[in-house]
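Notes follow once the structure below has been shown.
The values are calculated or read from the model by the stated rules, or taken from the named source; none is laboratory data. What you see is a predicted model, and the numbers here were worked out from it, not measured in a lab. So basically every Cβ, Gly included, is an ideal-geometry build from the backbone, and we count neighbours across all protein chains shown. Ligands, DNA and RNA are excluded from the accessible area calculation, which covers all protein heavy atoms including side chains. Shrake-Rupley method; radii C 1.70, N 1.55, O 1.52, S 1.80 Å.
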Amino acid sequence: MTNQSLFSRRRPVLPPVLPRGEVLSTYGTYADAQAAVDTLAKADFPVKQLSIVGNDLKSVERVTGKLTYGRVALAGAASGAWLGIFFGILFFLFSPTGSSLPFVFAALIMGAGFGMLLGIASYAINRRRRDFTSTMQVIATSYQIIVDVELINRARNLLGGSSHESAAAARPAAPVDPDAPVDPAAPVEHE
């Protein structure tokens, strides 16, 4: 998944609105939807006219482990060491003498020590609230590729190949209404 750079100002940033058009196809995973868009891009389809819309968003928190004093101390020491190295290198670069290299090592040790102490203190204070580590993800139950109405038949022909798509191409797809609720019981097509 790519996003527009914050520093790129070649194109204006669009406000967050749901795309209008027809549903080209629906996929169970983002990777499948992305593969379909890649297929269209390789066939010189104007991919600027496509959108991938995730439906029924869910927040998933995966527990990765239990927090202990040892783990917290190690993580605090590592982050403190990075900060110590940063300040040590800054001191080394702007020092008038060339003998300040030992200060980089000293800054690393002091940063690791302070990071370890702050990590342990923070964990001791917040231990009752959160005693585990985790990662958060927002995922969708299904992903729809939306295309401009004028290009729907061309996109279907380029993706074509399966009899399921031929049947879907025979009947017109319903236009996407951004204000309409998504039916979670609706079947999901996989291509």
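Return one whole number: the accessible area per residue of segment 14-105 in Å², for a 1.4 Å probe.
Dividing the accessible area of segment 14-105 by its residue count gives 66 Å².
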**Item:** Extreme residue, positive dipole direction of segment 43-87, given options 69, 50, 86 (C-beta unit charges)
**Value:** 69
**Message:** Quick check: the distance between the Cα centres of segment 77-124 and segment 15-44, to the nearest angstrom?
**Reply:** 47 Å
**Asked** Which of 108, 158, 132 sits farthest toward the positive end of the charge dipole of segment 100-159, with +1 on the Cβ of Lys and Arg and -1 on the Cβ of Asp and Glu?
**Response** 132
